[in-house]
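The values are calculated or read from the model by the stated rules, or taken from the named source; none is laboratory data. If you're wondering where the values come from, they're calculated on a predicted model, not measured in any experiment. Here Cβ is always computed from backbone atoms with ideal geometry, including for glycine, and neighbour counts include all displayed protein chains.
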Amino acid sequence: MRIVVTGGAGFIGSALVRHLVTEVGAEVLTLDKLTYAGNLGNLAAVEGRANHRFVQADICDRAAVDAVMASFRPDRVYHLAAESHVDRSITGAADFITTNVMGTFTLLESARHWWNGLEGAAKADFRFLHVSTDEVYGSLGAEGLFTETTPYDPSSPYSASKAASDHLAIAWGRTYGLPTVVSNCSNNYGPYHFPEKLIPLVILNAMHGKPLPVYGDGSNIRDWLYVEDHARALHLIASKGRLGETYNVGGRNERKNIDVVRTVCSILDRLSPKNHPHADLITFVTDRPGHDARYAIDATKLETELGWKAQENFESGIEKTVAWYLDNEAWWRPLRDKVYAGERLGVLTGAK
């Protein structure tokens with residue numbers, strides 16, 4: 001089985017690549033532009049493996065994508081390449097539209113051209129998995145869960161760009177017959193997570209005695225999914241999911257942001273104690289514009305139809321995650337020193 005993984009040097013993409021190469025035994029080509037969040041260090045575990053190769057390319061570059069298709073001859077495309085940080089989308093939406101919308105369009109067209117040239121079983125078995133987010137559904141109230149039929153209601157430039165790309169993938173299946181399937185996941189966490197996102201940012205700031213910024217009053221709720229559980233789900237969806245369908249992937253681990261931060265602090269107090277509780281560093285800051293109140297995924301369809309089940313709960317996953325950052329300074333130190341030092345992103349000029 002030959003699989004192209006776009007964005008495979010990113011956080012979720014690299015977890016998927018490691019799973020496919022080491023656990024599944026697939027032949028994998030990682031295609032990644034290596035933006036600030038793409039890191040070849042994420043792929044160190046598969047470096048030198050005979051069943052893995054890497055190509056640096058932009059999914060917006062049709063000629064480069066076509067060349068990958070023609071030379072690698074994939075049986076599947078797993079599409080994870082995307083700009084993904086809401087805060088960055090607030091002040092730099094253009095990159096999100098370019099990569100997430102136009103990049104997905106370019107990739108779909110290249111895949112369609114490749115698939116149209118296949119015959120017999122190769123054509124029938126080809127799959128295009130488009131990987132997306134629960135943020136396309138907007139914000140939940142105190143009750144209820146996102147299902148695959150929840151209407152789209154994106155709040156940020158990021159989620160709007162992902163909603164558009166979801167619609168493109170579905171439309172390419174309906175209009176052109178391209179065998180597509182779409183997944184929408186809840187918030188991921190785990191090793192190799194670029195330190196602009198909440199959990200790695202809090203871990204590293206706490207380790208260095210810096211303020212732990214919590215938006216608003218910290219009451220916003222997210223459903224947390226361990227990244228390796230997500231990787232297993234994605235391959236299962238591509239392998240057994242019904243064409244044209246959407247599958248929600250969630251960890252059934254709803255937590256208020258403030259409780260996530262306090263949990264990280266508690267683990268650090270135990271694993272790396274200082275002369276004061278890490279929670280003393282918590283600092284409430286001005287809320288993010290358009291900050292959705294609550295996300296929560298109903299993964300029943302994935303669990304019952306395809307038999308997936310998360311192996312980690314939040315308690316076990318967050319313990320592993322904090323321990324990994326404590327043990328892997330060689331991975332995060334260059335990022336922290338040269339790429340992103342933990343400063344606030346997404347602040348609108350003149351915002352109160």
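Yes/no per residue for (1) out of contact with any Gly (no Cβ under 6 Å at 6 or more places or on another chain); (2) in a strand (DSSP E or B):
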| position | (1), (2) |
| --- | --- |
| 232 | yes, no |
| 236 | yes, no |
| 247 | no, yes |
| 255 | yes, yes |
| 261 | yes, no |
| 266 | yes, no |
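If you scan the range 110-135, which residues turn out to be touching a residue at least 60 places away in the same chain (Cβ under 8 Å) and farther than 30 Å from residue 256 by Cβ? Correct list: 111, 112, 115, 127, 129. Put simply, of 111, 82, 94 the only residue that is of a type in the set (A, V, I, L, M, F, W, C) and within 15 Å of the chain's Cα centre (by Cα) is 82. Within the range 94-139, restricting attention to residues that are touching a Ser or Thr at 6+ places or on another chain (Cβ under 9 Å) and either at pLDDT below 95 or acidic (Asp, Glu) (or both), the residue that is nearest to residue 182 (Cα to Cα) is 134. For the range 303-347, the set of residues classified as free of Cβ contacts under 8 Å to residues at least 40 places away in the same chain, assigned to a loop (DSSP other than H, G, I, E, B) and within 20 Å of residue 209 (Cβ to Cβ) consists of 341, 343, listed by residue number. Residues of the range 140-164 that are surrounded by fewer than 17 Cβ atoms within 10 Å (Cβ to Cβ) and either among the polar types (S, T, N, Q) or under 17 Å from the mean Cα position of the chain (by Cα) (or both): 147, 149.
Say whether the condition of being under 19 Å from residue 1 (Cβ atoms) and either of a type outside the set (A, V, I, L, M) or free of Cβ contacts under 8 Å to residues at least 60 places away in the same chain (or both) is met by at least one residue in the range 81-89. No, because not a single residue in the range 81-89 is under 19 Å from residue 1 (Cβ atoms) and either of a type outside the set (A, V, I, L, M) or free of Cβ contacts under 8 Å to residues at least 60 places away in the same chain (or both).
Taking first residues from the range 136-150 that are within 14 Å of residue 163 (Cβ to Cβ) and partners that are aliphatic (A, V, I, L, M) and not in a loop (DSSP other than H, G, I, E, B), the Cβ contacts under 7 Å between residues at least 6 apart in sequence or on separate chains come to 136/163; 146/297. Looking only at residues of the range 57-97 that are part of a helix (DSSP H, G or I) and of a type in the set (Val, Ile, Thr), we find that the one that is surrounded by the most Cβ atoms within 10 Å (Cβ to Cβ) is 65.
Looking only at residues of the range 266-278 that are under 28 Å from the mean Cα position of the chain (by Cα) and free of Cβ contacts under 8 Å to residues at least 60 places away in the same chain, we find that the one that is surrounded by the fewest Cβ atoms within 10 Å (Cβ to Cβ) is 271.
The criterion of being in contact (Cβ under 8 Å) with a residue 60 or more places away in the chain and not charged (D, E, K, R) holds for residue 11.
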